[in-house]
Every structure is written in C-alpha cells, then in structure tokens.
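These notes concern the structure reproduced below.
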Amino acid sequence: MTQDLAIDNVIRSRIRGLRQARGWSLDVLAARCHVSASTLSRIETGHRRITIDQLVPIARALDTTIDQLVESRDDEDVLIRPRRDRAHGALTWVLSSGSGPAGLTVAKQRITRRRPPAELGVHPGHDWFTVLSGTARLHLGQRVILVGTGQAAQFSTMEPHAITAHDGPVEILIILDRFGHRAHLEAVDLTPARTG
C-alpha cells in the first residue's frame, strides 16, 4: 500500500510538473483532456485517486505516455555505469538512448587503443565527436586526422573510419545516429566494467 501511494505521488507530481512546464492552467489542461478542472486539481493535490480512464486522456493531452507517467525510478536509473569494449580498447558511458531527437545517442568514451583495427568500419550516416581530454586519431580511409582537446569532428560514416588514442588515453563525447549506434554500440561486446 505504501508503494502504491509513492507511485501515486510520483504520477501527481509529473502531471503537475508537465502542466506547469507548458504554462497551462488547470482549465487549459481540463479542456484538452476532457476532465474537469476541479477533478484535475483534486488529482494533483492527492485528494482523489487517479483512475486509468482519467490517466489515458491526461497523458495524451500532456503529449506523454502512461508508461512515462508511472515508471518508477531508483538510484540505479540515475547512475550511468561504464561498459568495457575490450576489442576496441574503450570504456563507454551511454548517456542517452537512441530515443532522443532523431534517434541520436550520446556517449562518453575513454579510448586507450593506439592502433586502428585491421579493417575500418563503414555504415550509413554521420558521427560527431568532441575531445574532452587528450588527442584522438581519427582514421578516415587513408587519412589520419589529429583532433585535440576542445576540438570537434564530424564525418560521413560511409568512409571507412575508426577513432584511436594518439599519445595516451583520450576521452571523447560522441553523438551517433541510429546507424552509428548499431555499428559502434550494439555490434560490440560491451561488458560492465569492474569498479573498485
């Protein structure tokens, strides 16, 4: 029962937060979801239980899903743990899933490998990255481009490519489209890195 109340409170808070973020009054939301303003007020303040037949139109009016309104969060949802890609000498922290705008994924990588793989990767789309620390070696076909701290690069991934470290470890923030996500994150063995 206590867990049900906690979930109810999360849902109420999310409804109120989404409504206020849009600058909507209770009357505006009521008109959009066909639930009276007084009922919405009682839902938001905890004076009325939320029913599924009310939640569906409220979620729709707020341009969200029921899943997003009711999903529970714990500390594990907050912490992003690195994954080790042994084959490419990299630690990867996936900062966003491919559910972002245009299916983009944002990841931080710490790359230690200095030599490119025997065969450079090719896939449709574009990749973008910026160097947080160190110097990256961007292998594009026969070219090698050094990208230093604070610099950024973008390139067509139809050209054979790889990113390696130059003189020591390099940390990059990389943006991958859905093709890059598949090629760089789904196609490799990303095992949880040991901590401690």
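The values are calculated or read from the model by the stated rules, or taken from the named source; none is laboratory data. The model shown is predicted, which means the values in this text are computed figures rather than measured ones. Glycine gets a Cβ as well: all are built from the backbone with ideal geometry, and neighbour counts include every protein chain shown.
Points worth noting:
- With respect to the conditions (1) surrounded by 12 or more Cβ atoms within 10 Å (Cβ to Cβ); (2) at pLDDT below 85; (3) outside the structural domain of Ser13 (by TED's automatic domain parsing), Ser99 falls short on a single one, namely (1).
- When residues of the range 18-33 are limited to those that are not in a helix (DSSP H, G or I) and not basic (Lys, Arg), the one nearest to the chain's Cα centre (by Cα): Gly23
- Some residue of the range 154-171 being in a strand (DSSP E or B) and hydroxyl-bearing (Ser, Thr, Tyr): yes
- Flag for Ile7 being in contact (Cβ under 8 Å) with a residue 60 or more places away in the chain, out of contact with any Leu (no Cβ under 7 Å at 6 or more places or on another chain) and either over 17 Å from Glu71 (Cβ atoms) or assigned by TED's automatic domain parsing to the domain that holds Glu71 (or both): yes
- Answer residue from the range 111-142, given it is of a type in the set (Gly, Ala, Ser) and within 20 Å of Ala183 (Cβ to Cβ) and is modelled with the highest pLDDT among those: Ala136
- Check on Ile174, assigned by TED's automatic domain parsing to the domain that holds Val106, out of contact with any Leu (no Cβ under 9 Å at 6 or more places or on another chain), surrounded by 20 or more Cβ atoms within 10 Å (Cβ to Cβ) and not in a loop (DSSP other than H, G, I, E, B): yes
- Residue that is farthest from the chain's Cα centre (by Cα), among those in the range 143-164 that are hydrophobic (A, V, I, L, M, F, W, C) and modelled with pLDDT under 95: Met158
- Across the range 120-136, the number of residues qualifying as free of Cβ contacts under 8 Å to residues at least 40 places away in the same chain and either assigned to a loop (DSSP other than H, G, I, E, B) or of a type in the set (A, V, I, L, M) (or both) comes to 3.
- Filtering the range 11-50 to residues that are out of contact with any Leu (no Cβ under 8 Å at 6 or more places or on another chain) and under 12 Å from Val70 (Cα atoms) leaves Arg12, Ser13, Ile50.
- Considering the range 9-56, the residues that are modelled with pLDDT of 90 or more and acidic (Asp, Glu) include one that is surrounded by the most Cβ atoms within 10 Å (Cβ to Cβ), namely Glu44.
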